[in-house]
Every structure is written in structure tokens, then in C-alpha cells.
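Asks: What follows is a structure written as C-alpha cells; I'll ask about it next.
The values are calculated or read from the model by the stated rules, or taken from the named source; none is laboratory data. Just so it is clear, the model here is predicted, and its values are computed rather than measured. Positions of Cβ are backbone-derived with ideal geometry, glycine not excepted, and every protein chain shown enters the neighbour counts. In case anyone asks, the SASA skips ligands and DNA or RNA and just uses the protein heavy atoms, side chains included. Shrake-Rupley method; radii C 1.70, N 1.55, O 1.52, S 1.80 Å.
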Amino acid sequence: MNNPINRRGFLGTTAAAAIAAAAPLRPAHAASGSVSVWKFGGTPTEVENWALRNDAFTAGNPDISLDYSYFNGQIRRQKILAGFQTRRLADVIVAFGQDIPEFAGFDMIQPLDDIAGDKIDGWKERIVPEVLESGMHDGKLYGLPTYVDMASFLAVNLDALEEAGFDRPPATWSELREYAKAMTKPDRPGLAFPATTAPVDINIFEGIAYANGGRIFDEESGKVTLNDAGVVDALQLYVDLIADGSTPPATSLTETFFRDTAQLFGQGRSAMWIGLSWLNTPWGVSEDVRWTGVPFPRPDAPTGAFSPVNAIMDPTAILMVSSRAENPEAAVEYLDFWSQDEQLEIWGGQPEVARIPAGKAAWDNAELEEVWPNWVKAYNEGTLFEGAAPMPRFIGVSAIESALGTAIQEAVLGQKTPQQALDDATAAAQNQIDLIRG
């Protein structure tokens with residue numbers, strides 16, 4: 001898994017040269033007109049290749065005028081809501097699956113069953129069922145996923161691990177604290193984790209809490225559950241790691257988001273770091289860093305009131321169609337283009353290896369197996385998605401995650417205990433949920 005970015009750079013160059021030749025044939029009854037697309041987030045390789053594939057779409061659909069714009073993924077909710085309110089929302093939105101219930105609840109997006117009925121059977125043939133399911137809400141398909149991310153995972157510097165006398169990564173929370181202390185040096189903390197209010201940083205924490213039997217909201221009762229023991233004890237783990245002296249300074253953690261934390265690890269300036277399933281693959285590591293990625297250690301004994309999960313997952317480049325799309329036929333053609341193997345294999349190592357691919361064909365690629373052999377083995381055995389659950393997704397998730405982000409920072413900075421911070425966050429978020437849900 002050393003330096004995959006160099007190999008991907010080569011693959012990206014060769015893939016780009018082949019795109020014009022790979023442009024799909026024009027359908028017999030081609031859609032026409034214009035379609036606007038807003039894409040949010042993505043790794044550098046993904047962003048580059050998405051734009052290149054758009055050229056192939058235009059070549060194969062000369063009667064459709066494509067207006068494409070890219071934005072940072074962390075501003076997606078604000079940008080999309082503002083676009084809807086001002087009647088300037090794009091026809092196609094490429095955002096996160098977490099957003100679907102809110103967007104559908106506010107009538108911002110439309111069910112694909114209503115406008116893409118003749119395409120959906122093909123999507124089912126080409127897309128992994130568990131991944132396609134992540135585009136569902138209330139029994140209807142609202143989004144076409146291209147891949148999923150899973151939380152939470154741990155990157156481990158193998159030289160640091162061996163120097164500390166260990167022959168395997170930590171498997172439990174208590175082992176994580178033990179390893180982090182043993183792997184800490186004066187110029188290199190044993191563990192770094194991001195604790196900003198960026199949505200990805202919050203998702204990373206949620207993965208840890210959900211594995212401990214926590215939840216942030218109970219949909220059956222309509223109650224915010226941020227102060228459930230499963231969430232409180234997960235936040236206590238963050239606080240304990242800081243108190244152990246195993247992390248960068250607390251102020252640094254609250255200012256260093258996931259990409260910066262990955263850079264610390266990639267430069268050998270932390271022995272481990274906590275992230276999503278992609279870990280360092282979007283950015284690579286220094287030549288002298290040997291590393292591996294593993295699922296985040298499990299709690300010694302789950303303490304939450306809910307069933308623990310093995311991972312939470314979300315499609316973070318899922319295509320949705322605006323309820324105000326003036327040309328839904330052209331929008332559906334764009335979605336169908338992204339359902340084809342030629343596009344979905346981007347995330348099978350041609351050239352991207354940072355994501356868990358949606359396309360069935362992508363799992364046959366040697367490039368993906370080279371970097372993530374355990375992913376491919378688990379997929380072939382049918383266990384990759386076992387025990388996984390969706391990342392939190394319901395109307396009001398934005399308000400609750402905002403309160404959670406504040407609580408994480410308050411606890412990490414020592415301003416409140418985890419229990420106090422999450423009690424306050426629960427009360428504040430419940431007020432917001434009650435207003436939203438009437």
C-alpha cells in the first residue's frame with residue numbers, strides 16, 4: 001500500500017488519453033436540451049476524472065448542453081439550500097446520501113422511479129445491491145451512487161508499530177490507548193484525529209460512537225440521543241487519548257480537519273490517525289512510511305442503548321435530480337451515463353483507489369486488489385457490508401450534527417466534560433428537531 005498515488009498518477013494519464021475513444025454511442029432516441037450539474041467534494045483524482053468523463057458524455061450526447069460546476073463538499077448543504085430557495089438549483093446534484101431524507105422531505109429532489117423507470121433495471125444489473133440501497137428513502141430511489149465511504153478506520157505506521165514492540169494493530173479501545181502511548185515520541189504523537197466541525201470529522205466520530213451502541217437520534221421516539229452512553233463514552237475516548245499525552249495539542253485537533261490530519265500521518269508526524277475508509281489513499285504518503293489501514297478498534301464492551309454496528313457507510317458522490325429540473329430526460333441521461341461500467345470503474349483503480357466502488361465490474365480490477373486486498377476478499381466472500389448501517393440520515397440531521405460538532409470541540413478543549421457537552425447538545429438539538437418536525 002506504499003505510495004499508491006504515484007501509480008494512480010500514471011493510470012490517470014493513460015485513462016485520460018483513452019476517454020475520447022471510449023465515448024458511448026448516441027442512444028437511438030437521444031434526449032436534447034440543456035442540463036446543469038453541481039458536484040460537491042471528491043479526491044483530487046476523482047475531481048479531475050469526473051471532468052474528463054463529462055467530455056465523453058458531451059461527445060456521446062451532442063444534443064445535450066452540459067453546464068457543470070464543482071464545489072467543496074463541506075459547503076454542500078448551504079449551497080444547495082440557497083440554490084433551492086433562490087430557484088437557481090442545478091438540475092443534477094452530486095452530493096452525499098446523508099442529504100437525501102432532508103432534500104426529499106423539503107421537496108428539493110424527486111424520486112428516480114418516477115422519471116427513470118426504463119433505466120433502473122440496468123442500474124440494478126451494474127451496481128452492487130447494498131450500495132444501490134444507499135440511494136433509497138421511504139421505499140423510493142432518490143439517488144444513483146457511484147461509491148460509498150465507510151467509518152471509522154485507523155491508519156497505522158508499521159515501523160512505529162514494530163518499534164513499540166507490537167506485531168499487529170490494536171483491536172480494542174484499551175489497546176488503542178496502550179499502543180498510542182507506546183508509539184508516542186517527543187516529536188511524533190502516537191495518534192492524531194480530526195475534531196473540527198467539518199461534516200467528515202463528525203462522521204468519523206459517529207462511526208466510533210455507533211460501534212459502541214450509540215446513536216444521535218431515535219426516529220421511533222423522535223428524541224435526540226446525543227447523550228446516550230454510547231456517544232458519551234466515545235467522546236470520553238477522545239478526551240482520554242488527549243489526557244494520555246498521545247495526541248497533538250487539543251487546540252491543534254480542533255483546527256486540523258481530516259485532510260490535514262492525513263497529511264500529518266503521511267509525513268510521518270503521527271504514528272496513527274483516525275479517518276474514513278479511504279485514509280491516505282487520496283494523497284499518498286512519504287517514500288519512507290510503511291503503513292496499513294484497518295477497521296477502527298472496537299470498544300472493550302459496548303455501552304450504548306442501541307445495537308453496535310460494524311461500520312456506517314454513505315455514498316458521497318450520489319447523483320440526484322432536482323424537483324425543479326426543467327429537462328428531466330436530459331438529467332436521467334446524465335445519471336445513466338454515470339451508471340455505466342466505464343465510469344464506475346474509475347473507483348476500481350482506473351485510476352482511483354480511495355473509495356469502495358458501486359460498480360460490480362470495478363471489483364474485478366487488479367488495481368483495486370493491489371491496494372485494498374482485504375476489501376476485495378471481503379466483497380468476494382459477501383461479508384464487506386455485513387453489520388454495516390447507513391450514516392445518520394433523517395430530516396433534521398444537519399441540526400443534530402451541528403450540535404454534536406460543538407460538543408466534540410467543547411470536550412476536546414476541556415471546556416466541558418463529555419457528559420455535560422452532550423447533555424447541552426441534546427437539549428439544543430431537540431429544540432431544533434421539534435421546530436423542524438412541528
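Asks: Take A354 and decide whether it is crowded, with 18+ Cβ neighbours inside 10 Å, touching a residue at least 40 places away in the same chain (Cβ under 8 Å) and within 29 Å of D107 (Cα to Cα). Spell out how you get there, then give the answer.
Replies: Numbers: crowded, with 18+ Cβ neighbours inside 10 Å: yes; touching a residue at least 40 places away in the same chain (Cβ under 8 Å): yes; within 29 Å of D107 (Cα to Cα): no.
It is false that A354 is crowded, with 18+ Cβ neighbours inside 10 Å, touching a residue at least 40 places away in the same chain (Cβ under 8 Å) and within 29 Å of D107 (Cα to Cα).
Asks: Something else: Looking at region 298-315, is at least one residue touching an Asp or Glu at 6+ places or on another chain (Cβ under 7 Å), small (G, A, S), open to solvent by less than 30 Å² (accessible area, probe 1.4 Å) and at pLDDT 95 or above?
Replies: Taking every residue of region 298-315 in turn, at least one turns out to be touching an Asp or Glu at 6+ places or on another chain (Cβ under 7 Å), small (G, A, S), open to solvent by less than 30 Å² (accessible area, probe 1.4 Å) and at pLDDT 95 or above.
Asks: Right, another one. Residue check: is V294 open to solvent by 10 Å² or more (accessible area, probe 1.4 Å), aliphatic (A, V, I, L, M) and within 30 Å of Q350 (Cβ to Cβ)?
Replies: So V294 fits the description; yes.
Asks: Say we look at region 222-233 and pick out the residues that are open to solvent by 20 Å² or more (accessible area, probe 1.4 Å) and part of a helix (DSSP H, G or I); which of these is farthest from A427 (Cα to Cα)?
Replies: D233
Asks: Could you tell me how many of the residues in region 238-283 are of a type in the set (A, V, I, L, M) and open to solvent by 10 Å² or more (accessible area, probe 1.4 Å)?
Replies: Counting residues in region 238-283 that are of a type in the set (A, V, I, L, M) and open to solvent by 10 Å² or more (accessible area, probe 1.4 Å) gives 5.
Asks: When you go through A164, A195, A116, A180 one by one, which is the residue that is at pLDDT 95 or above, in contact with a strand residue (DSSP E or B) (Cβ under 7 Å, 6 or more places away or on another chain) and of a type in the set (A, V, I, L, M, F, W, C)?
Replies: A180
Asks: Of the numbered conditions (1) open to solvent by less than 40 Å² (accessible area, probe 1.4 Å); (2) at pLDDT below 95, I436 satisfies every one except a single condition; which is it?
Replies: That leaves (1) as the condition not met.
Asks: Next up: Hey, does region 29-39 have a residue that's modelled with pLDDT under 90 and open to solvent by 70 Å² or more (accessible area, probe 1.4 Å)?
Replies: yes
For every residue, the table says whether it meets (1) over 25 Å from E255 (Cβ atoms); (2) assigned to a loop (DSSP other than H, G, I, E, B); (3) open to solvent by 40 Å² or more (accessible area, probe 1.4 Å); (4) of a type outside the set (A, V, I, L, M, F, W, C).
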| residue | (1), (2), (3), (4) |
| --- | --- |
| P169 | yes, yes, no, yes |
| E178 | yes, no, yes, yes |
| K181 | no, no, yes, yes |
| G190 | no, yes, no, yes |
| P194 | no, yes, no, yes |
| V200 | no, no, no, no |
| N203 | no, no, no, yes |
| I208 | no, no, no, no |
| E220 | yes, yes, yes, yes |
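Asks: Follow-up. Among all residue pairs at least 6 apart or on different chains, which show Cβ distances below 7 Å where the first residue, located in region 245-265, is in contact (Cβ under 8 Å) with a residue 60 or more places away in the chain and small (G, A, S) and the second is open to solvent by 30 Å² or more (accessible area, probe 1.4 Å) and in a helix (DSSP H, G or I)?
Replies: S246/K181; A250/I242
Asks: In contact with a helix residue (DSSP H, G or I) (Cβ under 7 Å, 6 or more places away or on another chain) and open to solvent by 40 Å² or more (accessible area, probe 1.4 Å): does that describe Q419?
Replies: yes
Asks: From the list V148, V224, V200, which one is at pLDDT below 95 and not charged (D, E, K, R)?
Replies: Numbers: V148 fails: at pLDDT below 95; V224 fails: at pLDDT below 95.
After ruling out the rest, the residue left standing is V200.
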